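Below is one structure, written out as structure tokens; comments come after it.
Derivation of every value follows stated rules applied to the coordinates shown; laboratory data play no part. Here the structure is a predicted model, which means the values were calculated and not measured. Cβ placement follows ideal geometry from the backbone for every residue including glycine, while neighbour counts extend to all protein chains displayed.
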Amino acid sequence: MTSDVTFIRISYRIIVLTLLALTLGSIASLAAIAFIEAVDWMNDVLLISPRSRIQLNNPFLLTAATVLVPATGGLVVGFLIQKLTIEKRPLGPADAIKAVQLRTSLPDALSGFVSTLASLVSLGSGASVGQYGPMVYMGAIAGNFASRLKLDIPNIQTKAIACGVAAAISTAFNAPIAGLVFAHEVILRHYSLQAFAPTTVASATGYVFANIIFDSPPLFLVHFDGVAFGYEFLLFAILGLVCAFLAVIFMRLLASTSAFSAKLSLPAIYKPAIAGLAVGIIALQLPDVLGIGKEALRFTTIEGAFSSGELILLLIAKMMLTALCLGFGFAGGVFSPSLLIGILFGALCWTFLNFIGIPNSGVVVYAICAMMALTSPIIGAPLTTILIVFELTHNYDLTIAAMVSVVFANLLAYRLHGRSIFDVVLASKGVDLSSGRDRAMLENINILTLDNTDFANLKDTSSIEESLIQLKQAGRSAGAITNHNNEYLGVVRTIDLIGEESQAITNLIRKDMPVLDEKTSLWQAMSALEGFTGEAVPIVDSSNGELIGMVPESELITAYQKIAKDIRNEENEGI
Amino acid sequence: MKAFNHFLLFLLSSYFSTTLLYGQTELTIATWGGSYENAQQTALFQPFEVATGTLVNTQKYSGDLAILNSDLLPDIIDMTLGDALIACDKKLIHKLDYKQILINEKKHENPKRDFVKDSILPCGIAHLSYSTLIAYDERQFTGEKPHTISDFFDIKRFPGKRALYKSPSDILEWALIAEGVPIDQVYDLLSTERGMRIAFRRLDSIREEIIWWDNPKQAASLLSTGKAVMASGYNGRFFSAQLDGAPITMIWDAQIIDWNVWVIPKQKDSDSKTILKNDFIRFVIKAENMAKLAEIIPYGPSRKSALRRIGLHAEQGFSMRDQLPTATHHLDRALFRDANWYANTQNLRKTRFWDWLNQNKMGDASEDNQ
């Protein structure tokens, strides 16, 4: 792109990036397949899957397993997360988003591995959580490893994580275009050819593994003959809006359960077991709540498989139990539960349409529309969900219908709640991506990381002459005054001292001076300095009032410009 | 003619065989009758008689495990895989002595690799695949022909009686597939209460049109006599009926593929009898014998080397490999029966099936067709 990049250099980058994308695509894809297989195997062995449950001709053992397996799984998950991870919480797509958006590193590899293992146990023992979040995170781990190689490629971490994530989604859904778009929509959040090219290669690799080498069955196959009536598009839009409300309720439920769980004075290690026990007890009456619910997902597209009462019951149970499981510390995602909640809700809405006597094209299209309309605002990926419908069903009519619902759902949910559950989670941890990536990156840089040692520290006991000499020696036009305890008293400028030799120095302190503390971020510092003219700003320890140092304004501006340049390069570079 | 053959064999073998002196050179094989048994006679039993001088008797068998508790216990049974798994579990059949059975196998055709995966079971050896499918009477549908399993359940577009095997086999799978369930997910969904409910609901929709059959022979004859317009049955028997001129066509959509297994019921045997039984199994699972059977009736052998040997039909002269259930053009929408699932859900399925039948006795017409 730029003239200083030679032809050889570009060729090197293309070859290395392609190889990297192929490797990462293969690893992330194999990991995703192994993960799915392992969950299926555990579900069979632990009597979670209906297929294993029906073959056990022992009612007592079945009841015992239903109640005890999710609870025991919860104990294991609690132990893994609380004892073996540094973060003491399961890791997921939000962590990958943070690492890419802020150009920071992922949490440590051991925590990542343990968290994945905990998701496997959660899903394997029937907790009501999703499988795609952990798979996305595995892809991110793979990408993160690759970014540590010394390959001399600019912005390699971003690209490598995007590659891993794209391959994971591509494999999980058998949908390479959706994988590619997901990586852009959720992880990268910008479009640049240098990231697009390797991500595409990785996504296609994932598809080859899933579809050609392992021949995995698609998530769902439906038969749909097309939308019968024009006015149904209006219904799809309304369905989208209603789904947005339900999505917001679900996200709020998740947040409030987490908050409730945090308040409970119970060791965190035991919390997942409580959620597991709840799942088990409810599953005695309603076995559909166990695990991912593939069977229930399929049944909703069959007319009359559920009565409306059953739909409402399962819908509420699934929402509550998912919130409980995730809030109480099971490891897993929200994608699969959202799909199930959405599809149940769609079938319910279709039952209502039939009840009031509106002619329509059948349950399939309403179920699929609602499934995607509910899921897309939760994961913040409208394009991805539309493409998943297209790639899974190969049905154009169904895709157009889903598109209408998805767009309206996103518009409304964005206003009511935010871009996605990941963004809301990150915002609660101080990473606010809603006002742009530059702000989030500036927020993430602590003021103490900038040089704050080069300044004049004046004492309150010094005379004006002594102080002027000290300022001259330091080459500064302003200095910070401290007392004998090193407590910060204020800032004086040279210009205010000249001709005031009889005054005590503390009388000449400037009143309008902004003060930063050790927690101030670069973004906050930039905001505090709006309208400020001066050379440097004091940083004062908020706990004891001691002076930490002074950060020159030029340092702030340099740091800001570096971030702006990094983002510009990453988002606009060719290859 | 056959009796005369046997007499000749008897003379021959009495001359050569020493075991005859002890009156033990007889074997009773329980098998399924009709064109299938005829094919077995030609390809397997008679050549075995010639080769060993043993007299092979057959005993009629229509599936199920009741035969293992009867007084007339056969020496060897040609059982479905699901039944064989249950029988093995209940210890009603012997573990096979593969050291003896596979003793003469050529080293270069390692039987472990030559046999299709999971054919060599502890208590039996899967020897052929057969398909259960729907066939229809061409004379009944002069316009549009049924071609999917959904058409079987569509009594508006394709009116007329449907003949079905009176058992909770196959029909539950077909009912779910007709509801739009993908083939891959049939057993997953049928494992839920909801799946069972939907399957029986679908069966309800054709209840009035069902004629039940008990004997596999009946399926094709119900079609050719015009008593039914569609019938479930086995591909080999429908094939034989076609050769005999019956105007029937098979619908390969949603065909269910399963295996037949040679098993040895548990009973007190002399050593020589045990050897003879092993001799028999060793003989009938030889690749050339399996292929010979498949050239008469299109059931797929479980050995790759046997598949490679299948040639043309002796009289008709067309390739028999294309007629097998496992021929690629038949596999698009084939369901492979989950035999373990079948074995483990047998009681449940039976209970549900009989409950459903008794809800309304009107549809039961099997007595009329005996």
Inset, instruction - Let me know the charge dipole size of segment A:442-563 about its Cα centre in debye, to the nearest 20, where only the beta-carbon of Lys, Arg (+1) and Asp, Glu (-1) is charged. - result: 140 debye
Legend entry - Cβ-derived FRET efficiency at R0 35 Å, A:Asn57 paired with B:Ile103, nearest 0.05: 0.35
Legend entry - Rg(Cα) / (2.2 N^0.38 Å) computed for the protein assembly as shown, rounded to two decimals: 1.25
Inset, instruction - Would you please calculate the Kirkwood hydrodynamic radius of segment A:224-370 over all C-alpha pairs and express it in Å, rounded to one decimal? - result: 16.3 Å
Legend entry - Inter-chain shielding of B:182-195 (mean C-beta neighbours from other protein chains, 10 Å cut-off): 6
Legend entry - Where only alpha carbons of segment B:44-125 are counted, the Rg and the Dmax (Å): 14.7, 43
Inset, instruction - Divide, for segment B:118-219, the radius of gyration over alpha carbons by 2.2 N^0.38 Å, where N is the residue count. - result: 1.22
Legend entry - Crossing angle, helix B:2-16 versus chain B [Cα axis fit, 0-90 degrees, rounded to tens]: 30 degrees
Inset, instruction - For A:Ile469 paired with A:Thr558, estimate the spin-label separation in nm (one decimal), with each label point 7 Å from Cα along the Cα-to-Cβ line. - result: 3.1 nm
Inset, instruction - Might you report the magnitude of the Cβ-based charge dipole of chain B about its Cα centre, with Lys and Arg at +1 and Asp and Glu at -1, to the nearest 20 debye? - result: 600 debye
Legend entry - Anchor A:Lys565: lysines whose Cα lies under 25 Å away (excluding residues fewer than 8 positions away in-chain): A:Lys98, A:Lys150, A:Lys159, A:Lys519
Legend entry - Eligible lysines near A:Lys263 by straight Cα distance, threshold 21 Å, same-chain separation 8 or greater: A:Lys83, A:Lys88, A:Lys271, A:Lys429
Legend entry - Neighbouring partner chain Cβ atoms per residue of B:343-352, average, 10 Å criterion: 2
Legend entry - Between segment A:326-372 and segment A:156-193, the alpha-carbon center distance in angstrom: 26 Å
Inset, instruction - Mind giving me the nanometre distance, one decimal, between the label points for B:Val50 and B:Glu315, set 7 Å out from Cα along Cα→Cβ? - result: 1.9 nm
Legend entry - Pairs from B:Lys156/B:Lys227; A:Lys294/B:Lys145; B:Lys268/B:Lys350; B:Lys117/B:Lys266 whose Cα-Cα separation, in the structure shown, is over 24 Å: A:Lys294/B:Lys145; B:Lys268/B:Lys350; B:Lys117/B:Lys266
Inset, instruction - Please state, to two decimals, what the Cα-based radius of gyration of segment A:7-213 comes to when divided by 2.2 N^0.38 Å (N = residues). - result: 1.12
Legend entry - Residue-span extension gain [B:Glu144 to B:Thr42] - 0.36 nm each, minus C-alpha spacing: 32.8 nm
Legend entry - segment A:298-374 - Rg and Dmax from Cα coordinates, angstrom: 13.2, 45
Inset, instruction - Over chain B, calculate the relative contact order: mean separation of alpha carbon pairs under 8 Å at least 6 apart, over the residue count, as a percent. - result: 24 percent
Inset, instruction - Using only alpha carbon pairs under 8 Å that are at least six residues apart, calculate the relative contact order of chain A and give it in whole percent. - result: 16 percent
Legend entry - Inter-probe distance in nm under a simple model that places probes 7 Å from Cα toward Cβ, at A:Ile212 and A:His190: 3.4 nm
Legend entry - Sites A:Ser527 and A:Glu573, calculated FRET efficiency, Cβ-Cβ separation with R0 30 Å, nearest 0.05: 0.55
Legend entry - Order of A:Val551, A:Val114 - criterion: other Cβ atoms within 10 Å of each residue's Cβ, fewest first: A:Val114, A:Val551
Inset, instruction - Between B:Arg201 and B:Asp322, take the C-beta separation as r, use R0 = 41 Å, and let me know the FRET efficiency to the nearest 0.05. - result: 0.65
Legend entry - For chain B, average projected area of the Cα convex hull in nm²: 19.2 nm²
Inset, instruction - Add +1 for every Lys or Arg and -1 for every Asp or Glu among the other residues with Cβ under 13 Å from the Cβ of A:Gly112, and state the total. - result: -2
Inset, instruction - Take the Cα of A:Leu149, step 7 Å along the line toward its Cβ, and report every residue of segment A:175-218 whose backbone nitrogen sits under 15 Å from that point. - result: A:198-199, A:202
Inset, instruction - Please express the shape of segment A:451-575 as an equivalent ellipsoid: the semi-axes are the square roots of 5 times the eigenvalues of the C-alpha gyration tensor, given largest first in whole angstrom. - result: 33, 15, 12
Legend entry - Loop-located chymotrypsin sites (Phe, Trp or Tyr not before Pro) in segment A:466-539 whose Cβ has at most 11 other Cβ within 10 Å (DSSP): A:Phe532
